[in-house]
Amino acid sequence: MTLSHLARRTVLGAVLLAGCARTTNLLDPASPRFSGEYALRVNDSRVTGPIRIVTFNVKLARRIDRAIEVLRSDSLRGADIVTLEEMDDRGVDRIARALDLNYVYYPGSIHPTEHKYFGPAVLSRWPIARSWKVLLPHASRTRHQRRNATAAEVVVRGVRVRVYGLHLETPSGASDRSREDQVRTDLADAAPFDGPVVIAGDFNSYGIGVFLERHGYRWLTRDIDPTISIFTWDHIFVRRLAPAGPERAGVVHETRGASDHRPVWAVVVPEATGRAGLAKAAGTR
């Protein structure tokens, strides 16, 4: 079947309108805020082992049931810290309930085509002591969408770990320098904190990793396989945390149609643990 000239123009116009649709940005630094506490209570003194971190862009939170299946797979099961991108409030809550996780979620906007909340979330099987929204600079060139990070302090075995779940602007929506500015905002927010830090999510860039390394962060996912099509845009960076053994990070290739992105994982221990502690931690989980 071929489209008539008028039909082609109509389709093209609809695509352009969708691409240029303006976003409703949620610029209040305190809201909206969504949270839930579904994690099973654990005795910190009896639980040992490394910290497993997972990040997954669940494309527009459309296929939550499939995302839950993926997050239950071998490399992702039992994660201590999870960041999710492109989420809405209902999707985050469903995943947290299904996986027995606590969560906090600050959407940065109402998506212009989905007409629902859009933003990153932080989930954990450990208590979340506090949380806040970090507003990132530079609206996108097309939709004028503003991005944000969801920040939380997670108490893992008595140690506060500061976690930033974020989703940077796309290559078509912002320059490399703009994405650096967005990351710089998170780095400035984390700078006063003297404990372990995790920055994880969809960076819409591979080269941004060099920028984070220059600012003292370990790039755990530098050598992983592509995370979307031929690109490696989903990453985990840490400060004052060290890889727990040689197999420090990876990608889960089977997404069961949950997203166009593939989830990423990494396993770490506190930097002060040392080599003996790394060996012990790797063998106790």
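The values are calculated or read from the model by the stated rules, or taken from the named source; none is laboratory data. Note that the structure is predicted; figures quoted are calculated from it, not measured. These accessible areas exclude ligands, DNA and RNA; they are computed on the full protein's heavy atoms, side chains included. Shrake-Rupley method; radii C 1.70, N 1.55, O 1.52, S 1.80 Å.
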Inset, instruction - Between VAL252, VAL159, VAL267, find the one with the highest GNM mean-square fluctuation for the chain; connect C-alpha pairs within less than 10 Å. - result: VAL159
Inset, instruction - For ILE51, list long-range residues whose amide hydrogen, built 1.01 Å from N in the peptide plane, is under 5 Å from its own amide hydrogen. - result: VAL268, VAL269
Inset, instruction - Could you check which residue among ILE81, ILE208, ILE128 shows the biggest mean-square fluctuation in a GNM of the chain with a 10 Å Cα cutoff? - result: ILE208
Inset, instruction - State the percentage of accessible surface on the chain attributable to carbon and sulfur atoms; use a 1.4 Å probe and exclude ligands, DNA and RNA. - result: 51 percent
Legend entry - Per residue accessible area of the chain, 1.4 Å probe, in Å²: 46 Å²
Legend entry - Mean ellipticity per residue at 222 nm, deg cm²/dmol - from DSSP H runs of n ≥ 4 across the chain, formula -39500 (n - 2.57): -7500 deg cm²/dmol
Inset, instruction - Only bridges with both residues in the chain count here: give the DSSP antiparallel percent, nearest 5. - result: 85 percent
Inset, instruction - Kindly identify region 174-235 as rounded, prolate or oblate by the Cα gyration tensor criterion: order the square roots of the eigenvalues as a ≥ b ≥ c, call it rounded if a/c is under 1.5, otherwise compare a/b with b/c, prolate if a/b is larger, else oblate. - result: oblate
Inset, instruction - List, in order, the whole-Hz ³J(HN,Hα) value for each residue of region 154-161 obtained from phi through the Karplus relation with A = 6.51, B = -1.76, C = 1.60 and θ = phi - 60°; use x for Gly and Pro. - result: 9, 9, 9, 6, x, 9, 6, 10
Inset, instruction - In a Gaussian network model over the chain where Cα atoms closer than 10 Å are linked, find which of ALA242, ALA200, ALA191 has the largest mean-square fluctuation. - result: ALA191
Legend entry - Under-5 Å amide H pairs with HIS261, H placed in peptide plane, nonlocal only: LYS59
Inset, instruction - Hey, could you get me the Stokes-Einstein D for the chain, Kirkwood radius over alpha-carbon pairs, 25 °C and 0.890 mPa s, rounded to whole µm² s⁻¹? - result: 128 µm²/s
Legend entry - Gyration tensor (alpha-carbon) shape descriptor, region 187-271, a/c threshold 1.5: prolate
